[in-house]
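Before any comments, here is the structure.
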Amino acid sequence: MKDYKQFVPLLGAKVDPVAYGVYPLSVNRIGDGAVFMAEDGGETIIVAVGKDWDFTGVEFEVNGQPCIAAPLTHANAKQLRKLFPFTAPVRVLGKDRTVGVGDRLGIAGAGHIRVFQKYDAFPVLAQQSIRELNLTGRTYEDVLDAATFVVYREGFRKGFGADGDHLKKPEEVAMALRLGFSMITLDCSEHMHNEFASMPLAELHEKYVADPVLEAKYLGKTFEVGEGVTVSFDEESFKRMVMVYAEVIDFATSIYRKFFSDGTYDADFEISIDETITPTTPLEHFFVANELTARGVKFETLAPRFCGEFQKGVDYIGDIVQFEKELAVHAVIARHFGYKISLHSGSDKFSVFGIFGRLTKGRFHVKTAGTNWLEAMKLVAMVDPDLYREIHAFALSKFTEVTKYYKVSTDITRIPNLSTLDDKALVKLFCHNDARQLIHITYGPILSEKDAKGNYLFKDRVYDLWKLHANQYSDLLFSHIGRHLEELYKQMRR
Ligand code: ZN
């Protein structure tokens, strides 16, 4: 057992807590007692002084006061959330500006929090899809607990969200909600029948299943959406749209009725129709929103598929003028119904952020994830060039295998050969789109590959490095995610 007594004298308030390894913003005094976090031999622990805190850990006594040194376990995270409600996720999507910052590694929170102390946007600190959980070997408990611990440690009381991202099945939604996630992003892609979007007209007419109610409501009709925008439905586009989206609407409605309508869970609902190849037309957007609304489905955000490409970890690829034109209409539709547009794969989309902030009139949700991982790998290149070279070579060897899962235009032949780069030049690879995407899409194998003896090839080494250089990682994120916010806010008041 370590000597935890060293932490307690700070309660006399005459000593500098930092000198004792205590996180100063984590100190919460209640009555005679106190709870705080401290570094103890490279591990962060919770120290509780006084009675009845109900943490699980090593008990000891200082001057007759009962104390406990509690490790950062799931049980202790639950207890923190109970004692200090600001460490539990809350619904934030109703705020004007919200940004999801998926912390795949569970180490980015400190840097993220600094960004959201500077801007008025609210963070969704915990945000992972099931695929990300599988690739990182984490659970939703881990993801949420990591957010709780860092929020407590940094004394971040503004409130944050937790997003069960891109969930596709009722049981996934149930799991996230039961754990206290404050937001569900429902991925409707498996219910979207895209084959009807491009089907020859004769075949479409043949396969179309008539719905007299919808026909009476939409066919040949024009809807005033406001702000000069109207949508009208001709026969062909109507039939295609109904066939593509009817099941999406049924699915989202069933999930809403099962989990949201009775108010059992206090969570925000996001409808995601972005995981598809064809951009969402204004007509389709209006139709989906109008039908969901008619069925009483309430949702805070909707993610359409925008024109152009939102590839992982690189800037927008496509016609920005067209993006702006189409977004303007999507934004009006969202305002008409009263929800916010959600922009997915928002990492590094610097050339469209300004437009997004302006056309949504400063009411938006943006999700980033991969860019936080890239900053972590950039840190590896900066402080341990040899390790980075090893990982880079491994990533190249896994490239073909992982491209199955991603739509990227990465050409690895354009990445400079690392033997031609000196150590200082390695960091410049993170300005190189192909190198960024290579590292971006191989995060699963990098974190999970094991050697013949069953030891992780890289995972333990990179986590040790990130821990040792935690402040530098926080600085990188503060600057890089900060730049995202800076651009999003830039044109807002025009
Ligand atoms: Zn998405």
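Give, to the nearest whole percent, the P(r) tail of the chain beyond 38 angstrom, counting all Cα pairs.
Result for the distance tail: 32 percent.
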Taking all pairs of distinct alpha-carbon atoms in the stretch 417-471, Kirkwood radius in angstrom: 13.1
Just check the stretch 401-494 against the gyration tensor rule for me: Cα atoms, a ≥ b ≥ c as the square roots of the eigenvalues, rounded for a/c under 1.5, and otherwise prolate or oblate depending on whether a/b exceeds b/c. prolate
Which of H484, H191 is most accessible, then next, and so on - probe 1.4 Å: H191, H484
Whole-Å distance linking the alpha carbon centroid of the stretch 83-158 with that of the stretch 190-215 is 41
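Of the cross-linked pairs K349/K459; K169/K490; K258/K459; K78/K361, which ones have a Cα-Cα span greater than 30 Å in the structure shown?
Details: K349/K459 28 Å; K169/K490 38 Å; K258/K459 39 Å; K78/K361 38 Å.
Too far apart for the 30 Å limit: K169/K490; K258/K459; K78/K361.
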If I ignore ligands, DNA and RNA and count only protein heavy atoms, how much of W466 is accessible to a 1.4 Å probe, in Å² to the nearest 10? 10
Where does each of 72-81, 215-224 land if you order them by average Cβ count within 10 Å, highest first? 72-81, 215-224
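Enter the accessible area per residue of the chain (Å², integer; probe 1.4 Å; all protein chains in place).
Result: 43 Å² per residue.
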For the chain, take the longest principal axis of its alpha carbons; what is the angle in degrees between that and the long axis of helix 74-83, to the nearest 10 within 0 to 90? 90
Please report the spacing between the Cα centers of the stretch 439-494 and the stretch 323-338 in Å, no decimals. 33
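Equivalent ellipsoid semi-axes for the stretch 43-196, as square roots of 5 times the alpha carbon gyration tensor eigenvalues: give them largest first, rounded to whole Å.
On the way: eigenvalues 214, 61, 32 Å².
Over the Cα atoms of the stretch 43-196, the ellipsoid semi-axes are 33, 18, 13 Å.
Could you please state how large a percent of the accessible area of the chain is carbon and sulfur, counting protein chains only and using a 1.4 Å probe? Working shown, then result.
Values: 10860 of 21040 Å².
Roughly 52 percent, rounded to a whole number.
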In degrees, nearest ten, helix 385-402 long axis to first principal axis of the chain (Cα): 30
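If packing is taken as the mean number of other Cβ atoms within 10 Å per residue, what is the order of 467-477, 340-350, highest first?
Values: 467-477: 17.1, 340-350: 23.9.
The most tightly packed comes first, giving 340-350, 467-477.
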How far, in degrees from 0 to 90, does helix 470-490 lean away from the longest principal axis of the Cα atoms of the chain, to the nearest 10? 30
Simple spin-label model, 7 Å along Cα-to-Cβ: K207 to Q491 in nm? 3.8
Per residue, the convex hull enclosing the Cα atoms of the stretch 179-318 spans a volume in Å³ of 147
Total charge of the residues flanking L421 in space, meaning their Cβ is under 10 Å from its Cβ, with Lys and Arg +1 and Asp and Glu -1, is +1
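Assuming a ≥ b ≥ c are the square roots of the Cα gyration tensor eigenvalues, decide whether the stretch 356-403 counts as rounded (a/c under 1.5), prolate (otherwise, with a/b larger than b/c) or oblate. Before the final figure, lay out the partial values.
Values: a/c = 5.42, a/b = 2.13, b/c = 2.54.
Oblate is the answer for the stretch 356-403, as a/c is 1.5 or above yet b/c matches or exceeds a/b.
Taking the Cα centre of the stretch 86-232 as origin, sum charge times position over the Cβ atoms of Lys and Arg (+1) and Asp and Glu (-1), and report the length of that vector in debye to the nearest 20. Could you put the intermediate results ahead of the total?
Numbers: 17 positive and 21 negative charges, 154 e Å.
Around 740 debye, computed over the stretch 86-232.
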Rounded to the nearest Å, the spacing of the alpha-carbon centers of the stretch 358-411 and the stretch 253-303 is 30
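May I ask you to order 158-169, 203-214, 112-123 by the average number of other C-beta atoms within 10 Å around their residues, highest value first? Before the final figure, lay out the partial values.
Values: 158-169: 23.6, 203-214: 11.5, 112-123: 20.1.
Highest to lowest by the protection proxy: 158-169, 112-123, 203-214.
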Value of relative contact order over the chain, rounded to a whole percent, pairs C-alpha under 8 Å and six or more apart: 13
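The values are calculated or read from the model by the stated rules, or taken from the named source; none is laboratory data. Computed from a predicted structure; not experimentally measured. Cβ sites come from the backbone with ideal geometry, for glycine too, and all protein chains shown count toward neighbours. The accessibility values were calculated without ligands, DNA or RNA, using every heavy atom of the protein model including side chains. Shrake-Rupley method; radii C 1.70, N 1.55, O 1.52, S 1.80 Å.
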